[in-house]
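What follows is one structure encoded as structure tokens, with my remarks underneath.
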Amino acid sequence: MTQFARPKNFIFSGLIVVFMTGCNSDQYEDLTRFMDEVRAQPRGNIEPLPTFTQYEAFTYSASGERSPFDEPMIDSITRSHAASNIQPDLGRAKQFLENFVFDSFNMVGTLSDDNGFFALLSSDVGVHRVQVGDYLGHNHGRIISISEAEIQVVEIIKNGLDNWMERPRKLNLNGS
């Protein structure tokens, strides 16, 4: 066994010497030169961090107010204070279109015949024919006029002070 152990040790030792010689050469010459150049440059000043104000939590408290995306109600507010005797007729039978939200309707056209002028409203359940005096929407909305381009509706809503007020709304042709 000693005969074969010596050549293996000799070959192994020779390989280690060859590998160590390869590691001894300076492979990172360009990196060392770059680092020396960077170290030779003058050092800059680092500006101090800006001071931050402490975060204050914000609680949104206007969730029960009018949506900011609805039309302003300035005219209807002044009218409601002048005529505080406005009240919906809670005793009348509700019409079918009062089961839907006003914003779910789109005006899609008009019709006229011997009986009068009608508008066509599209909703989730189909197309409906309406005329002046019909009601629609959750807020006691009554149609007051129909033209070829729009439908004028007056809704009766609570103003937050246990009083009722009128709010004008309109539906333009094709929902615009």
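The values are calculated or read from the model by the stated rules, or taken from the named source; none is laboratory data. Keep in mind the model is a prediction, meaning the values are calculated, not measured. Cβ placement follows ideal geometry from the backbone for every residue including glycine, while neighbour counts extend to all protein chains displayed.
Counting just the residues of the range 133-151 that are within 20 Å of residue 92 (Cβ to Cβ) and of a type in the set (Val, Ile, Thr), which one comes out surrounded by the fewest Cβ atoms within 10 Å (Cβ to Cβ)?
Of everything passing the filter in the range 133-151, 144 is surrounded by the fewest Cβ atoms within 10 Å (Cβ to Cβ).
Mind checking which pairs have a first residue in the range 48-77 that is farther than 18 Å from residue 160 by Cβ and a second that is assigned to a loop (DSSP other than H, G, I, E, B) and at pLDDT 80 or above, Cβ under 9 Å, 6 or more apart or different chains?
Correct list of pairs: empty, since none qualify.
From 130, 154, which residue is surrounded by 14 or more Cβ atoms within 10 Å (Cβ to Cβ), within 30 Å of residue 62 (Cα to Cα), among the hydrophobic types (A, V, I, L, M, F, W, C) and free of Cβ contacts under 8 Å to residues at least 40 places away in the same chain?
None of the other options fit; the residue is 154.
Residue 132 - would you say it is farther than 21 Å from residue 70 by Cβ and assigned to a loop (DSSP other than H, G, I, E, B)?
It is true that residue 132 is farther than 21 Å from residue 70 by Cβ and assigned to a loop (DSSP other than H, G, I, E, B).
Residue-wise test of (1) under 18 Å from residue 174 (Cβ atoms); (2) assigned to a strand (DSSP E or B); (3) modelled with pLDDT under 95.
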position	(1), (2), (3)
112	no, yes, yes
119	yes, yes, yes
128	yes, yes, yes
139	no, no, yes
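So the check is Cβ under 9 Å with 6+ separation or different chains; which pairs have a first residue in the range 25-46 that's in a loop (DSSP other than H, G, I, E, B) and surrounded by 10 or more Cβ atoms within 10 Å (Cβ to Cβ) and a second one that's among the aliphatic types (A, V, I, L, M) and modelled with pLDDT of 90 or more?
Going by the 9 Å Cβ cut-off, there are no qualifying pairs.
Here are some conditions: (1) surrounded by 15 or more Cβ atoms within 10 Å (Cβ to Cβ); (2) under 20 Å from residue 88 (Cβ atoms); (3) polar (S, T, N, Q); (4) modelled with pLDDT of 90 or more. Residue 159 meets all but one. Which one does it not meet?
(4)
Has the range 75-92 got at least one residue that is loosely packed, with under 10 Cβ neighbours inside 10 Å, modelled with pLDDT of 90 or more, more than 26 Å from residue 147 (Cα to Cα) and aliphatic (A, V, I, L, M)?
No, there is no match, as no residue in the range 75-92 is loosely packed, with under 10 Cβ neighbours inside 10 Å, modelled with pLDDT of 90 or more, more than 26 Å from residue 147 (Cα to Cα) and aliphatic (A, V, I, L, M).
For the range 141-163, enumerate the residues that are part of a strand (DSSP E or B), closer than 19 Å to residue 101 by Cα and not charged (D, E, K, R).
Within the range 141-163, 141, 143, 144, 151, 152, 153, 154, 156, 157 qualify.
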